[in-house]
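K.L.:
Following this message is one structure expressed as structure tokens.
The values are calculated or read from the model by the stated rules, or taken from the named source; none is laboratory data. Small disclaimer: the values here were computed from a predicted structure and weren't measured. In this analysis, Cβ positions are derived from the backbone assuming ideal geometry, glycine residues included, and neighbour counts consider all displayed protein chains. Just the protein is used for accessible areas: all its heavy atoms, side chains included, with ligands, DNA and RNA removed. Shrake-Rupley method; radii C 1.70, N 1.55, O 1.52, S 1.80 Å.
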Amino acid sequence: MAETAYDVVIIGSGPGGYVAAVRAGQLGLKTAIVEREALGGICLNWGCIPTKALLRSAEIYQTLQRLDEFGLKAENIGYDAQAIVKRSRKVATQLSNGVRFLMKKNKVDVIEGTGKLAGAGRVSIDGKNGRRELQAKDIILATGARARTLPGIEPDGKLVWTYREAMVPPAMPKSLLVIGSGALGIEFASFYPALGVGGTVVEVLDRILPVEDEEISDFAAKAFRKQGMKILTSAKVEKLDRAADSVTATIALKDGKTEKLTVERVISAVGITGNVEDLGLAEAGVKVEKGHVVVNEWLETGVKGIYAIGDLVGAPWLAHKAMHEGVLAVEHIAGQKGLHPLDRSKIPGCTYSMPQIASVGLTEEQAKEGGREIRVGRFPFRGNGKAIALGEPEGFVKTVFDSHTGELLGAHMIGAEVTELIQGYTVARTLESTEADLMQSIFPHPTLSEMMHESVLDAFGRALHI
């Protein structure tokens, strides 16, 4: 076996892995990254980025249906499903190539193959050119996660899809069932119906988007139903009967009755589980619980010299969380001063549906359950001049404050471009801004961001435009 010594070897090149590699290179650490598929991992190739390209096409198509509102006319409006998919794949390829450039720029060796732990400070790699072994002072596991499956509704790639098949449909189905209403399920439930596909969402809990603030979930459900989406909550898909080109789902409803629904395709979006298999974790003594690697606040596994980051270590399963963890792990390895453990309450969440949803911090319910006395502010899109001008009057911004200290506990939004707005509140929470800081800040006019200011003012009885 050929052997090469490194300061850091990273297994997996998703957002967490490749960002860790960039930071390691910046700090002068001799670094290698091991990847068995395409650079960028699931996010760049099959997740965050290509789904946004698909959703952008659907969003434009939906806007074209409303041209009369803007004084515009067009005839024979349609779409080419394969061209939409082709553009999505082109975007993914471009960004994957961009990661390769970043590796070269930061002097990171890219090693193609499947990596696993092979003893203290060693990584074994099986690649197309055979097996080789690397030696590393520190190893970062960044192998990500995959779609979770449930008995009886296992994906088959033809009739029952995971996110991978859902992003490259050979043709648009006429009808669709989405199982699960988290961010992934709702994004696909927005994309397909926007292009004319009849859609039904089944959620086992009592509301869709269950991690979001309840008011946001309720508003989203009404908006989706208005668009023609059928939503079944407190419901469970018990089994799928597959025919030649259709699937019949047996759905248990909350009233004890069952319903049968026949659709052309099913998307399973019932969560994810870490890629912990075939990594040599047990042999190395790395602890795994509920499908994810256990780490401390510095992303250490408990085995000296072995770190783990990203989806592999559990919720929230977000690319930006993985990136932050990648940087934190590398800086801890390098002995950087002034590091702070990751505060998960300051991680924003985004769902790129139509309308978009974004949040950070505590929901109103969580704040109350935590014994906080709170002030809540709300401001609707219909009260904002820019939203009206854009033709996007549906949505609202909600803020939750501690009534005694003025601490911003949480912020929640639904409506056009809120995924771009939420970072303002994320920065505010990171800087521990109070209501006074936010109320005294000047927001540009006319912008959607003014609603963020107005929501803060409303929490203290000072809203100006409603």
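K.L.:
State the extension gain, in nm to one decimal, for the chain segment bounded by LEU102 and ALA282, taking 0.36 nm per residue of separation less the distance between their alpha-carbons.
P.N.:
Going from the current span to full extension adds 61.5 nm.
K.L.:
Could you sort ASP68, ASP241, ASP213, ASP7 by accessible area so the largest value comes first, with the probe set to 1.4 Å?
P.N.:
The ranking, largest first, comes out as ASP68, ASP241, ASP7, ASP213.
K.L.:
At 7 Å along Cα-to-Cβ for each site, give me the label-to-label distance between LYS158 and THR262 in nm.
P.N.:
Those two pseudo-labels are separated by 1.8 nm.
K.L.:
Treat every Asp and Glu Cβ in the chain as -1 and every Lys and Arg Cβ as +1, leave all other atoms uncharged, and give the resulting dipole magnitude about the Cα centre to the nearest 20 debye.
P.N.:
1180 debye
K.L.:
Hand me the GluC sites (Glu not before Pro) from region 224-288 located in a DSSP loop with no more than 13 other Cβ atoms within 10 Å, in residue order please.
P.N.:
GLU277
K.L.:
Take every Cα pair under 8 Å in the chain that's 6+ residues apart, average their separations, divide by the length, and report that relative contact order as a whole percent.
P.N.:
In percent, rounded to a whole number, it is 14.
K.L.:
Another question, if that's okay. Relative to 2.2 N^0.38 Å, what does the C-alpha radius of gyration of region 416-466 come to as a ratio? Two decimals please.
P.N.:
Cα Rg divided by the expected 2.2 N^0.38 Å: 1.10.
K.L.:
Could you look at the chain and say what percent of its accessible area is carbon and sulfur, using a 1.4 Å probe and all protein chains?
P.N.:
Taking all protein chains in place, the chain shows 52 percent carbon and sulfur surface.
K.L.:
If you don't mind, another one. How many lysine pairs are close in region 192-268, with Cα atoms under 20 Å apart and the two 8 or more places apart or on different chains?
P.N.:
Counting lysine pairs in region 192-268 gives 12.
K.L.:
Determine the per residue accessible area of region 73-232 with all protein chains present and a 1.4 angstrom probe, expressed in square angstrom.
P.N.:
50 Å²
K.L.:
In addition: Report, in whole Å, the centroid distance computed from the Cα atoms of region 371-424 and region 93-108.
P.N.:
Their Cα centres are 37 Å away from one another.
K.L.:
Continuing with this model, one more query. Suppose the chain between LYS226 and GLN82 were pulled fully straight at 0.36 nm per residue; how much longer would it get relative to their current alpha carbon spacing?
P.N.:
49.1 nm
K.L.:
Hey, another quick one. Taking the Cα centre of each part, how many Å lie between region 145-210 and region 49-79?
P.N.:
The distance from the Cα centre of region 145-210 to that of region 49-79 comes to 22 Å.
K.L.:
Could you give the size of the charge dipole of region 201-260 about its Cα centre, using +1 on the Cβ of each K and R and -1 on the Cβ of each D and E, expressed in debye and rounded to the nearest 20?
P.N.:
340 debye
K.L.:
While we're on this one: Quick one: accessible surface of GLU450, probe radius 1.4 Å, all protein chains present, in square angstrom to the nearest 10.
P.N.:
Here the residue's solvent-accessible area equals roughly 40 Å².
K.L.:
Also: Please list, by residue number, everything in region 188-222 whose backbone N is under 18 Å from a paramagnetic label point 7 Å out along Cα→Cβ of GLU369.
P.N.:
Once the point is set 7 Å along Cα→Cβ of GLU369, 204-218 turn out to lie under 18 Å by backbone N, inside region 188-222.
K.L.:
Then there's this: Residue by residue, what Karplus-based ³J(HN,Hα) values in Hz, rounded to whole numbers, does region 10-24 have, using 6.51, -1.76 and 1.60 with θ = phi - 60° and x for Gly and Pro?
P.N.:
10, 9, x, 10, x, x, x, x, 6, 5, 4, 5, 4, 5, 4
K.L.:
Within the chain, which cysteines find no other Cys whose Cβ is under 4.7 angstrom from their own?
P.N.:
CYS350
K.L.:
Under 17 Å from a point placed 7 Å out from the Cα of LEU67 along the Cα-to-Cβ direction: which residues of region 80-116 have their backbone N that close?
P.N.:
Residues 80 fall inside that zone.
K.L.:
Would you mind working out the accessible area per residue for region 311-466, using a 1.4 Å probe, and quoting it in Å²?
P.N.:
Result: 45 Å² of accessible area for each residue.
K.L.:
From zero outward in steps of 10 Å, how is the percent of C-alpha pairs of region 30-142 spread across the bins?
P.N.:
12, 29, 24, 16, 10, 7, 2
K.L.:
Considering only DSSP beta bridges with both partners in region 137-277, what is the antiparallel share in %, to the nearest 5?
P.N.:
50 percent
K.L.:
In the full protein assembly as shown, how much of ARG344 is accessible to a 1.4 Å probe, in Å² to the nearest 10?
P.N.:
For ARG344, the solvent-accessible surface is approximately 110 Å².
K.L.:
Considering every pair of different Cα atoms, what Kirkwood radius, in Å, is found for the chain?
P.N.:
It is 23.9 Å.
K.L.:
Grab the DSSP H runs of the chain that are 4 residues or longer, score each as -39,500 (n - 2.57), total them, divide by all residues and round the 222 nm result to the nearest 500 deg cm²/dmol.
P.N.:
Result for the chain: -9500 deg cm²/dmol, rounded to the nearest 500.
K.L.:
Sort LYS398, LYS86 by heavy-atom solvent-accessible area, probe 1.4 angstrom, most to least.
P.N.:
LYS86, LYS398
K.L.:
Another question, if that's okay. Can you compute the FRET efficiency between LYS128 and GLU289 using 1/(1 + (r/R0)^6), with r the Cβ-Cβ distance and R0 = 41 Å? Round to the nearest 0.05.
P.N.:
0.75
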